[in-house]
Amino acid sequence: KRLPSRPTSRYPLRGRPRGDSTRSLRRGEVMTKVLMYETDDAFAGEVRAQLDQAGWSMEICRWGAAALAAAASVRPDVIVVRAELSDVDGFSVCSLLKGDPHFAATPVVVVARYAGSEALEQHARSPSRADEYLCEPLTAAALVARLQQHVNGAYSQRADDPSVTITN
């Protein structure tokens, strides 16, 4: 008897559907992965539900101190960093990720709840700035829409443009 054929390394699967996602991957299809540094479980759950509907996978990291290790294990297509993490500030996490050659080209979106526009603008002028800064109130659907723009290359910010969008 012949064994049923199984996908091999020729058909990369970079993630698996999570949660209640019913979308299955076809051979050769690559799942988009999001790494989110977030301490608000409710917001992270809302974002995960939206990403599940889009067929994306998401890993949540609550601690910024493990930023590079988490990113190295997940190998995300886009990273979301809460500016106000419990152990270190999200700006430091962003700078650490953008300063690493493995993640320098990975889009990073900073989401701020309490950080003032002055802090965001100061970090936006740094060499290791995020690709975008979003301020709450922010819905999970709006965040996912922005992430899709970054991953699909539809985000209008040019890499050589020193200005960075700060959306209130």
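For the reader, a short list of remarks on this structure follows.
- Amide H to amide H, with H built 1.01 Å from N, Leu134 comes under 5 Å of Val110, Val111, Ala112, Thr167, counting only residues 5 or more places away or on other chains.
- Value of Rg/Rh across the stretch 45-99 [Cα atoms, Kirkwood radius]: 0.98
- Label separation (Tyr114 vs Leu68): 2.9 nm, computed from points 7 Å beyond Cα along the C-beta direction.
- Vicinal HN-Hα couplings computed from phi for the stretch 117-128 (Karplus, 6.51 cos²θ - 1.76 cosθ + 1.60; Hz; Gly/Pro x): 4, 5, 5, 5, 5, 5, 5, 5, 8, 7, x, 9
Values quoted throughout were computed directly from the atomic coordinates according to the rules given, and no laboratory measurement underlies them. Values in this document were obtained by computation on a predicted structure and should not be read as measured data. Glycine also receives a Cβ, built like all others from the backbone with ideal geometry; neighbour counts cover every protein chain displayed.
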